[in-house]
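Structure first, then comments.
The values are calculated or read from the model by the stated rules, or taken from the named source; none is laboratory data. Remember, predicted model here, so these are calculated numbers, not experimental data. Using ideal geometry, Cβ is built from the backbone for each residue, glycine included, and neighbour counts are taken over all protein chains shown.
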Amino acid sequence: MLIVKKTERLEGTIKSPPSKSYTHRAVIGASLAEGKSIIKNPLWGEDCLSSVHGCKMLGANIILDKEKDEWIVEGGKLKTPDNVIDVGNSGTTLRILTSISSQIPKGYAILTGDDSIRRRPMQPLLDALKQLNIEAFSSKMDGTAPVIVKSSKISGNVVKIRGDVSSQFITSLMMLLPFNNEDTEIILTSPLKSKPYIDVTIDILNKFGIKIDKTENGFLVYGNQKYKPINYIVEGDYSSASYLIAAGVLINSDLTIENLFSDSKQGDKAIVKIVKEMGADIKVKKDKVIINGKYNLEGIDIDVKDIPDLVPTIAVLGCFAEGKTEIFNGEHVRLKECDRLRACAVELRKMGADIKEKPDGLIIRGVKKLKGCKLNTYNDHRLVMAFTVAGLKAEGVTIIDNEESVKISFPNFVEVMKSIGANIEVK
């Protein structure tokens, strides 16, 4: 568990960890490209290593060089896995590799994961693959993993899918459909949520030489395309940086966070705009963010349709802001590692927060002071990190369980926080 005590000052220069979203897509894309790709500055988090494991099972030769901080990937030859592919806690790995597995030369691939993964919805993707003549189904016949995928030839040039359950389904189709002999239109049957994640997918696929166009109702993926090997440097992750930014604006601080690019396509770059709107006059440079806190924050209304992973961070900021902060358009936030809306409401209330749960979000009235207590994080890495920020500002001691789950997206979170003066320790 993590013991967090009130912290009076944070200072230093730190690097944001590499982007989880870009690392996943880069290693999977490289595994589909014939030849050698080098991915520099990858995220060595458990979720991304699940993608490495899955790609190896599907035939890629991947060498992980910790000393040079790079992954060398020889790809282009899919094979039938000789065992079940265990994706751990990684929904991105499960969703993307379910589609890719259909292109193995023969037989079946079986994909599963931990308890959380085996509860997350897969049916919309399975239904979409069926439209492309791909046989993929839930072994329990309830739309969840384990998923069984048969070696299949893609046929058809239109696939319809909801856009409001998970953008990972659309990313999965985008990475599969270049293998189709004909151009394929992805038609969204409901409004697209988490759009920036699709922008990230299109951006990285473009680097692999894959062309995708936006259409009036969705996207057009051109057929008969080949992934080309690339050398690629992974940019910093704004989702992970959101905890550093939140801590900096709430506590007396002099922080510089490097490896954050102002022209990034990541949706969670919105954290910068959000804290500015709340009253934090942070400085944004080309490749870094500079914070001289603390700032007096004011509550605002925030549409989280495209930024679901920021919800725990925003909820904590709202607790210490003047007036009301309202989070809305976040029904899909309930479908993450846990129901994050419910978890934020229940746990932050234990600390004395005035927080009300709605079907699509949260209403938070700032109370200025929280008190330390024992918090449950439901094995969710984002809750561990957001609640740590709350604990740094709270009176007394905050005890946070399952701190090891940060390995998923920010493996050295505790070390980084301690390096800037956070009063935290693992017990």
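Remarks
- One residue stands out among those in region 11-48 that are touching a residue at least 60 places away in the same chain (Cβ under 8 Å), among the aliphatic types (A, V, I, L, M) and touching a helix residue (DSSP H, G or I) at 6+ places or on another chain (Cβ under 9 Å): the one that is nearest to residue 255 (Cα to Cα), which is 14.
- Candidate set from region 275-290 (those that are under 14 Å from residue 238 (Cβ atoms) and of a type in the set (A, V, I, L, M)); member that is surrounded by the fewest Cβ atoms within 10 Å (Cβ to Cβ): 284
- Top-ranked residue in region 353-391 [being outside any strand (DSSP E or B) and basic (Lys, Arg); ranked as surrounded by the fewest Cβ atoms within 10 Å (Cβ to Cβ)]: 368
- Total residues in region 61-89, condition part of a loop (DSSP other than H, G, I, E, B) and farther than 20 Å from residue 234 by Cα: 12
- Enumeration of residues in region 168-207 that are assigned to a helix (DSSP H, G or I), charged (D, E, K, R) and modelled with pLDDT of 95 or more: 199, 203, 207
- A search for C-beta distances below 6 Å between a residue of region 145-172 that is in the same structural domain as residue 111 (by TED's automatic domain parsing) and any residue that is surrounded by fewer than 19 Cβ atoms within 10 Å (Cβ to Cβ) and among the hydrophobic types (A, V, I, L, M, F, W, C), counting only pairs 6+ apart in sequence or on different chains, returns 146/110; 148/110; 148/137; 160/187; 163/188; 163/192.
- Subset of region 61-84 (residues that are of a type in the set (A, V, I, L, M, F, W, C), crowded, with 19+ Cβ neighbours inside 10 Å and out of contact with any Lys or Arg (no Cβ under 8 Å at 6 or more places or on another chain)): 71, 78
- Scanning region 289-335 for residues that are within 21 Å of residue 388 (Cβ to Cβ) and aromatic (Phe, Trp, Tyr) yields a count of 2.
- Scanning region 124-166 for residues that are of a type in the set (S, T, N, Q) and at pLDDT 95 or above yields 131, 133, 138, 139, 144, 151, 152, 155, 157.
- Selection status of residue 325, in contact with a Ser or Thr (Cβ under 7 Å, 6 or more places away or on another chain) and at negative phi: no
- Residues that are of a type in the set (Phe, Trp, Tyr) and surrounded by fewer than 18 Cβ atoms within 10 Å (Cβ to Cβ) do occur in region 105-118.
- Considering (1) closer than 24 Å to residue 235 by Cβ; (2) part of a helix (DSSP H, G or I), the lone condition that residue 12 does not fulfil carries the number (2).
- Scanning region 1-45 for residues that are basic (Lys, Arg) and surrounded by 24 or more Cβ atoms within 10 Å (Cβ to Cβ) yields 20, 25.
- When 397, 406 are checked against the criterion of being within 26 Å of residue 353 (Cα to Cα) and surrounded by 23 or more Cβ atoms within 10 Å (Cβ to Cβ), a single residue qualifies: 406.
- Count - residues of region 77-94 that are of a type in the set (Val, Ile, Thr) and within 13 Å of the chain's Cα centre (by Cα): 2
- Taking region 415-427 as the range and being more than 13 Å from residue 244 (Cβ to Cβ) and either in a helix (DSSP H, G or I) or of a type in the set (S, T, N, Q) (or both) as the test, only 423 passes.
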